[in-house]
Amino acid sequence: MTDLDKLKDLLFGAEKQVLDSISERVESRELRSADVADILPEAIRTSHRNGRDLGDALREPVGECLQQAIRDDPKTYSDALYPVMGPAIRKSIMHALRTFTQQINEAVEQSLTPKGLQWRLQAWRAGVPFGDFVMQKTLLYRVEQAYLISRENGLLVGHAQHEVARIKDSDAVSAMFTAIQDFVKESFSPDRTGRLETADMGEFTLWAVHGPHALLVCVIRGVPPRSLRTELSAILERIHFRYGDAIRIYSGETATVPDVEEELAACLRLEAKQQEAASQKRVSLPLLAILLLIAGAIGYFLVSAWLQGQKLDQLTAALENTPGLYVTDVRMDGQRFLVRGMRDPLAPTVAAVAAANGLTDDEIAADMQAFHSLDPTLIAERAALRFGSPDGISFVVEDSRLIVSGPASADWQNEVMASYNALSGIESVEFRMTPEEQAAVARVVELRGLAEDVRQLNGRAFFFASGAILTEKSARELNEMTSQLNTTAAALAKFGKGLSVSVTGFADPVGGVEVNSAIAMRRAEAIAAVLVDQGWGGTIVTLESPLNETDSPIIDPGMRRAVVELQSIDLETTQ
C-alpha cells in the first residue's frame, strides 16, 4: 500500500465503508427486495390516501392478473364464489317463477269470461300477448308511502307519502319496522341472515327492499306485481349511488342527504292503470253459451284440418325420402290418404312407410305401379339377389359402376361378368379385394383342386393274379398312385391337412371263410407295404377283409382285389 492510499484510509476510511455498504446493498437483489417489502405497505397506504392515481395504475394489471388466474384455475374461484352465487341464483329463479305463476293465474281466471273473450280480441288486434294484456287490465295498485331507513342504526333517513295517505309519526313507523326486522332475525334466522321482505296488513302490503346501507320500505295499496320490486330496487340503487357514503355514517342530520325525498317521490309514481268502467253492457249467459259452442266447433274443425295437414305433409316427406318410391300424388280422399305413384319391388310398401309415421292401414289407400328404381341402394340389393352373396361379399353402386368387395372366386367373378348387363343402371363391374382376401381366394381354389385330386384317387381297386401277388398293370398303377398321394399330401400339409388311407382286401368265395379272410388281409397288407416302400408317410387307418360265408362258392377273379380309400384329416387334431 502506498503512502497515498494510507492517507486516503486515514482521511476517508469511515466514508468509504459507508459507500461500500450502500453499493453492496444496491447491487444485492435480495437486500433490495427486503427493503422494498418493508416500506411497500406504508407506501401503498399513503398513495391511496393522496388520490386515485394508485387505483388507476393498478386497475389494468390487477384485472389482467385476475382474468389469467380465473382462466388457469376456474374451479378454485368457482368454489370461492359458490356461497354468494348460489343464494343469488336461487333467489332470482324463485322471483321469476312467482311472477310467471301470478301471470298464469290471472290469465286463466280471465280467459273464459265474457270480458276475457273481449280482452283476447283486443289483445289480438293490438298485437300484444294475452297474458301481458290481462296484467295491464287487472292489476290495480298504488305506492302510498316510502320510507328510507338506515341499516346501521335504524334511523329514518327520508320519507315520502302520497297526497291521499295519512301518517301520524313517520319516525315511529321506522322504529317499529326496525324492531320487527330485528325480531324476525332473532326468532326465525339462527345465523341472523334472514330478513323481512313482505308483510300484508288488510288492504295494504309492505315491501322491503334491502341495500348495503339503507332499507327502502314501501306501503302499497292493492296487489302489486312482482315486476314492481325490480323498479323499487333500481330506485334504491340510485339512492345508494348518490348518497351511499352519507347514509353509511348517517346520524340524524338530514342536511347530509339533501333532496333524498325527491328520489323517494319516484316510488309514489308507481301505480297500475285503472280498469275500464264496469258499466259496460254484459253478455247474456245463453248468448255466451252459443258463442262458446260456435267457437268450439270452429276451433275443432280448424284443429282437425291443421292436424290432417300436418299428417299429410309428414307422410309426403316420408314417401319422398324412401328409396324405390316415386310419388306423383298424395291427397285426402274422405278420411283416408290416397297415394299414387310407382314402387320398386324391393322398396318398402306404402303401408309400411305410413305405419312408421303413426298411420293405420285403414287410413291409407295406395295405387302404385311397378318399376325398377335406379337408386344405388336398391341396385346393390338387386345385384345381391341375382348373384347371391357369398361370405364376406358386399355390393355398392357408384356412378353406374357395380363395386364388389370381398373374397370372390374366379368362377363367381366370371358369372357376374357374364350377366351384370341384365341389371338396370349398371355399366361396368369392379372387383375389390385386399391382399388378405386374394390370398384366401387362392387358398380356397387350391384346396378345391386338391380335394378333386383326392376324389379321383379315392376308391382305386388293385387286382391280384394269385394270393398276394399283384398283376403287372395293378402294380404299375399302384406305383403311380403312391407318387400322386405323396404329392397331394405334401400340398395339403401347407394348409394343415393330411390324408389317411384305409385298405380293404377281398377274395372270391372259393374256399373256407378263414382261408379267404387270411388271403384278403394279406392282400390289404401287401398294398400297404407297397405304399410304405414307395415313400408314403401318411397314416394307414385300417386294414380290412370283409368276407362272409356263402353256400354257393363261385370262382370270380374280379373279387381278387384290394380297394384303397382316402379321407382328408386335420393334422392338428391327429397330433
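The values are calculated or read from the model by the stated rules, or taken from the named source; none is laboratory data. Computed from a prediction, not measured in an experiment: that's the story for all the values here. Note: ideal-geometry Cβ built from the backbone for every residue, glycine included; neighbour counts use all protein chains shown.
Values for this structure:
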| read-out | value |
| --- | --- |
| Phe495 being more than 60 Å from the chain's Cα centre (by Cα) and either at pLDDT below 85 or assigned to a strand (DSSP E or B) (or both) | no |
| Residue pairs meeting the criteria (Cβ under 9 Å; at least 6 apart or on separate chains; first under 21 Å from His48 (Cα atoms), in segment 59-74; second modelled with pLDDT under 80 and surrounded by 11 or more Cβ atoms within 10 Å (Cβ to Cβ)) | Leu66/Tyr77 |
| So Glu64, is it surrounded by fewer than 10 Cβ atoms within 10 Å (Cβ to Cβ), modelled with pLDDT of 70 or more and in a helix (DSSP H, G or I) | no |
| Matching entry among Ile93, Ile70 (being at negative phi and at pLDDT 75 or above) | Ile70 |
| Pairs with Cβ under 6 Å, 6+ apart, first in segment 224-238 and in contact (Cβ under 8 Å) with a residue 60 or more places away in the chain, second of a type in the set (Ser, Thr, Tyr) and surrounded by fewer than 17 Cβ atoms within 10 Å (Cβ to Cβ) | Pro224/Tyr141; Arg226/Thr99 |
| Count - residues of segment 198-224 that are touching a helix residue (DSSP H, G or I) at 6+ places or on another chain (Cβ under 7 Å) and not hydrophobic (A, V, I, L, M, F, W, C) | 3 |
| Flag for Ala451 being touching a residue at least 60 places away in the same chain (Cβ under 8 Å) and surrounded by 13 or more Cβ atoms within 10 Å (Cβ to Cβ) | yes |
| Some residue of segment 435-448 being over 30 Å from Ser502 (Cβ atoms), touching a helix residue (DSSP H, G or I) at 6+ places or on another chain (Cβ under 7 Å) and of a type outside the set (Gly, Ala, Ser) | no |
| Residue within segment 311-327 that is surrounded by 10 or more Cβ atoms within 10 Å (Cβ to Cβ), among the aliphatic types (A, V, I, L, M) and modelled with pLDDT under 80 present | no |
| Hits in segment 320-371 (condition: touching a Leu at 6+ places or on another chain (Cβ under 8 Å) and in a loop (DSSP other than H, G, I, E, B)) | Pro323, Gly324, Asp344, Leu346, Ala347, Pro348, Asn357, Leu359 |
| Residues within segment 198-223 that are in contact with a Phe, Trp or Tyr (Cβ under 8 Å, 6 or more places away or on another chain) and without any contact (Cβ under 8 Å) to a residue 12 or more places away in the chain, tallied | 1 |
| Members of segment 372-383 that are of a type outside the set (Ser, Thr, Tyr) and assigned to a helix (DSSP H, G or I) | Pro376, Leu378, Ile379, Ala380, Glu381, Arg382, Ala383 |
